[in-house]
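Notes follow once the structure below has been shown.
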Amino acid sequence: MNYLLYFIHALLSCWVVGLAASGVDGQQVWPVPYKRLDRRPDVDPYCQALFPFCPSGAPDGQMPVMRDSDLVSVFRLQTPVWEFRYGDVLGKFHIMHDAIGFGSAKTGRNFTMEWYELFQLGNCTFPHERAGMSAPFWCNQGAACFYDEIDDVHWKQNGSLEKIGEISGEMFNEMARWVQEDNETGVYYETWTVKSDAGVNATTWFESYDCSQFVHRTYKKLLDMGADLSSQTPTSYTKIYLYSGEPLYLGDDSIFQQSSTRDLATDIKKFYHSFRSHQSVVEVIESLLEALEKMVLEKTFYFYYNSEYWKLPMKYPYIKINYEEIPLP
């Protein structure tokens, strides 16, 4: 009987893996499609933000209703990540944050809309080691934030604030409904874009899901509704790349609960241990060396996407931050 149950479990596991990683005809789909949920899950109280998420926005993410006849200006916004705290420091490395601004002609009110991590970038990129839990614990939700005013100094001083078009109030309201749905179903932040190499014909294994992707999805929605958007300056965005051979699907959290995958579970947790939070300076240096050894010498990166784990066979140049021009959709 035990052998029968084991056989059934093995068949089901193969079936689930196939559904997760393959297309209708059984062939692997690249890039792996980002998985949307039916609804946004509750946040575990264990996850805590260094800086509160969307402190001046509506708690439920609600957006104002414009008059259909209103004329609403659309602005492209960009500034260095954590500019409010470190000024242009990260801007010198082209690590930028993107958002969209709106201005109502009828009321004179301005608004900012952005999508970012609930618990900062580190928590979205690497997990926690939580006592009493066998699997790594992730605090990786991201969400849209909509609030009054456009802080001109914040966006202009080290970044950009550019008007790129106008839409009607009716179009704004339709976009707002779309944002609510997008925000409710696309909830997990994904830092990395994973590609086969740095060439123009490279295969993309995984797409990021971050602030710039939200901005592009919104631009595309507006264009689909008939908006006319154009920029007088290059529209460049920060992309953080990992380079690897074809990824190997490993499984979900069940990896950490089965005796047959104990060694794999140990290796994954050891890999993420190098990126744990609250390390001393000496520990950070030691951890970076361990991570480099894993990625460069062992050519291994354990990647988490759609709540599942993949093994990336890393290739030169391994990791790279690009600030590249991506035209409006």
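Which of the residues spanning region 254-272 are part of a helix (DSSP H, G or I) and open to solvent by less than 70 Å² (accessible area, probe 1.4 Å)? Explain how you work it out, then say what you get.
Here is the first cut: in region 254-272, the ones part of a helix (DSSP H, G or I) are 254-257, 259-272.
Residues satisfying the conditions are Ser254, Ile255, Phe256, Thr261, Leu264, Ala265, Asp267, Ile268, Phe271, Tyr272.
When restricted to residues that are surrounded by 15 or more Cβ atoms within 10 Å (Cβ to Cβ) and not in a loop (DSSP other than H, G, I, E, B), region 291-302 contains 6. Residue-level check: of (1) within 17 Å of the chain's Cα centre (by Cα); (2) not in a loop (DSSP other than H, G, I, E, B), Arg36 misses just (2). Restricting region 217-236 to residues that are at pLDDT 95 or above and open to solvent by less than 30 Å² (accessible area, probe 1.4 Å), the residue that is farthest from Phe172 (Cα to Cα) is Leu229. Here is the figure for region 50-74: residues that are open to solvent by less than 40 Å² (accessible area, probe 1.4 Å) and either in contact with a Leu (Cβ under 7 Å, 6 or more places away or on another chain) or at pLDDT 95 or above (or both) total 5. Region 85-196 holds strands (runs of 3 or more DSSP E) entirely within its bounds, and those carrying 3 or more residues that are surrounded by fewer than 19 Cβ atoms within 10 Å (Cβ to Cβ), at pLDDT 95 or above and touching a Leu at 6+ places or on another chain (Cβ under 9 Å) map to 160-168. Closer than 22 Å to Ser208 by Cα and at pLDDT 95 or above: does that describe Tyr272? It is false that Tyr272 is closer than 22 Å to Ser208 by Cα and at pLDDT 95 or above.
Using the structure shown, decide if Lys106 is charged (D, E, K, R) and free of Cβ contacts under 8 Å to residues at least 40 places away in the same chain. Answer is no for this residue.
If only one of Ile285, Ile321 is aliphatic (A, V, I, L, M) and either touching a residue at least 24 places away in the same chain (Cβ under 8 Å) or outside any helix (DSSP H, G or I) (or both), which one is it? Quick ask: steps written out before the conclusion?
On the way: Ile285 fails: either touching a residue at least 24 places away in the same chain (Cβ under 8 Å) or outside any helix (DSSP H, G or I) (or both).
Just one listed residue meets the conditions, Ile321.
Checking each residue in region 202-216 for being open to solvent by less than 10 Å² (accessible area, probe 1.4 Å) and either touching a Pro at 6+ places or on another chain (Cβ under 9 Å) or part of a loop (DSSP other than H, G, I, E, B) (or both) picks out Phe206, Ser208. As a summary of the residue check, Gly199 satisfies the conditions (1) farther than 25 Å from Arg76 by Cβ; (2) outside any loop (DSSP other than H, G, I, E, B) except for the one numbered (2). When you scan region 27-52, how many residues do you find that are among the acidic types (Asp, Glu) and farther than 20 Å from Val179 by Cα? The qualifying residues number 1. Checked against (1) under 20 Å from the mean Cα position of the chain (by Cα); (2) assigned to a helix (DSSP H, G or I), Leu77 passes all but condition (2).
The values are calculated or read from the model by the stated rules, or taken from the named source; none is laboratory data. None of these values were measured; they are calculated from a predicted model. Note: ideal-geometry Cβ built from the backbone for every residue, glycine included; neighbour counts use all protein chains shown. Remember, those area values only see protein heavy atoms, side chains included, never the ligands or the DNA or RNA. Shrake-Rupley method; radii C 1.70, N 1.55, O 1.52, S 1.80 Å.
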